[in-house]
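Enquirer: Okay, here's the structure, questions in a sec.
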Amino acid sequence: MTPLALELRDVRKRFGSTEIIRGAHLQASPGERLAVIGPNGAGKTTLFNLISGRFGVSSGDILLNGQSIVGLRPFEINRMGLSRSFQITNVFHRLSVFENLRCSVLWSLGYRYSFWRHLPRLADARERAEQILEQIGLTHRRDALAGLLPYAEQRALEIGITVAGGADVILLDEPTAGMSRAESDGAVELIRKVTAGKTLLMVEHDMGVVFGLADRIAVVVYGEVIACDTPARVRSNPAVQEAYLGLHAPAEATA
Ligand SMILES: Nc1ncnc2c1ncn2[C@@H]1O[C@H](COP(=O)(O)OP(=O)(O)O)[C@@H](O)[C@H]1O
Ligand SMILES: [Mg+2]
């Protein structure tokens, strides 16, 4: 039997005496797209920080492709096939768009800090970076400094960087935050394209995006996953409506 791509078992996280994640359970199958929704401060970003190894869990277990990743460092988890983006845009501002992508590819190919010595010869990295560049629609920005890109393009680049390493489990934290409707529609198409066949967990507030993209929706409220189900069933779940959707959903999402 194929293992789950990602599983959280009774995960808890305390900061000082405050328990922020209070026994979270979650399962994602390979290739599944999960939207993670919930009120501000519910613990969505913290969950991503725990999964990616940025924070250690206080208790509980997290399994990536059937293997526990608790206690591993972020780069080790990354090498095991998990990659994340951040809620705040996180690109190398003083590198070009292409160089940003190539860095990410090189990292995944096992090149480390001396990679600059070999750059011109690394045709495989170049090709892969070019490929991603095209997928994210930034070929025309290839040599632009990443820090000078318009916001939506920076976020597209960030998604490109996140997938460039070839991870098969991708975590995106509010990739469409701060975008116009048109920009966010574009971002969703891009996400669909670059994560095809991969497992995706995506924190998202825009219910249009959530219901359009997700196979299942995980609802995080006050440090717990109170529901994880198909969009239709989450929509009609009374606990979810009370905790979240009623407050934030556009009319058509609650109708
Ligand atoms: N490093 C930290 N130290 C202490 N408290 C934190 C830390 N990170 C997050 N928190 C707290 O955890 C709670 C959940 O935050 P967060 O995971 O960012 O929520 P969300 O992403 O769902 O909006 C908030 O109350 C936040 O203040
Ligand atoms: Mg957050």
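Enquirer: Quick one: which strands (runs of 3 or more DSSP E) lie wholly within segment 2-66 and hold at least 1 residues that are within 9 Å of ligand 1 (Cβ to nearest atom) and buried (at least 17 other Cβ atoms within 10 Å of the Cβ)?
Expert: Correct list: 6-15, 18-28, 33-37.
Enquirer: If I go through segment 29-61 residue by residue, how many of them are more than 16 Å from ligand 2 (Cβ to nearest atom), touching a strand residue (DSSP E or B) at 6+ places or on another chain (Cβ under 8 Å) and within 21 Å of residue 71 (Cβ to Cβ)?
Expert: To start, the set of residues in segment 29-61 that are more than 16 Å from ligand 2 (Cβ to nearest atom) comprises 29-33, 53, 56-61.
Imposing the further condition that a residue be touching a strand residue (DSSP E or B) at 6+ places or on another chain (Cβ under 8 Å) reduces the set to 29-33, 57-61.
From the residues that got through so far, the ones that are within 21 Å of residue 71 (Cβ to Cβ) too are 57-61.
Result for segment 29-61: 5.
Enquirer: While we're on this one: Can you find, within segment 67-79, the residue that is surrounded by the most Cβ atoms within 10 Å (Cβ to Cβ) among those that are of a type outside the set (S, T, N, Q) and outside any helix (DSSP H, G or I)? Walk me through it before giving the result.
Expert: Step one: list which residues in segment 67-79 are of a type outside the set (S, T, N, Q), which gives 69-77, 79.
Within this subset, residues satisfying the condition of being outside any helix (DSSP H, G or I) are 69-73.
On the way: 69: 21, 70: 16, 71: 10, 72: 18, 73: 12.
The residue in question is 69.
Enquirer: Having 2 or more residues that are over 21 Å from residue 83 (Cβ atoms) is the bar; report the strands (runs of 3 or more DSSP E) wholly within segment 178-239 that clear it.
Expert: By residue number, 216-221, 224-229.
Enquirer: Name the pairs whose Cβ atoms lie under 8 Å apart, with the first residue in segment 38-50 and assigned by TED's automatic domain parsing to the domain that holds residue 6, the second among the hydroxyl-bearing types (Ser, Thr, Tyr), and 6 or more positions between them or separate chains?
Expert: Taking only residues 6 or more apart or on different chains, the pairs are 38/244; 39/244; 42/222; 43/222.
Enquirer: Of the conditions (1) more than 30 Å from residue 122 (Cβ to Cβ); (2) more than 15 Å from the chain's Cα centre (by Cα); (3) crowded, with 19+ Cβ neighbours inside 10 Å, residue 106 satisfies every one except a single condition; which number is it?
Expert: Result: residue 106 passes all but (1).
Enquirer: Step by step: first the residues of segment 80-100, then only those that are within 16 Å of ligand 1 (Cβ to nearest atom) and under 14 Å from residue 169 (Cβ atoms), then the one that is surrounded by the most Cβ atoms within 10 Å (Cβ to Cβ). Which residue is that?
Expert: This residue is 85.
Enquirer: In this structure, is residue 193 under 15 Å from the mean Cα position of the chain (by Cα) and surrounded by fewer than 18 Cβ atoms within 10 Å (Cβ to Cβ)?
Expert: In short, yes.
Enquirer: Here is a follow-up. Mind listing just one residue for me: the one in segment 80-109 that is closer than 19 Å to residue 5 by Cα and part of a loop (DSSP other than H, G, I, E, B) and, of those, modelled with the lowest pLDDT?
Expert: 85
Enquirer: If you don't mind, there's one more thing I want to ask. Would you point out the residue of segment 224-255, among those that are exposed (fewer than 14 other Cβ atoms within 10 Å of the Cβ), over 24 Å from the mean Cα position of the chain (by Cα) and modelled with pLDDT of 90 or more, that is farthest from residue 10 (Cα to Cα)?
Expert: Per the stated criteria, the residue is 236.
Enquirer: If I filter segment 160-184 down to residues being at pLDDT 90 or above, closer than 17 Å to residue 98 by Cβ and in contact with a strand residue (DSSP E or B) (Cβ under 7 Å, 6 or more places away or on another chain), which single residue comes out as surrounded by the fewest Cβ atoms within 10 Å (Cβ to Cβ)?
Expert: Among residues in segment 160-184 that are at pLDDT 90 or above, closer than 17 Å to residue 98 by Cβ and in contact with a strand residue (DSSP E or B) (Cβ under 7 Å, 6 or more places away or on another chain), the one surrounded by the fewest Cβ atoms within 10 Å (Cβ to Cβ) is 162.
The values are calculated or read from the model by the stated rules, or taken from the named source; none is laboratory data. Computed from a predicted structure; not experimentally measured. With ideal geometry, Cβ positions are generated from the backbone for all residues, glycine too; neighbour counts draw on all protein chains shown.
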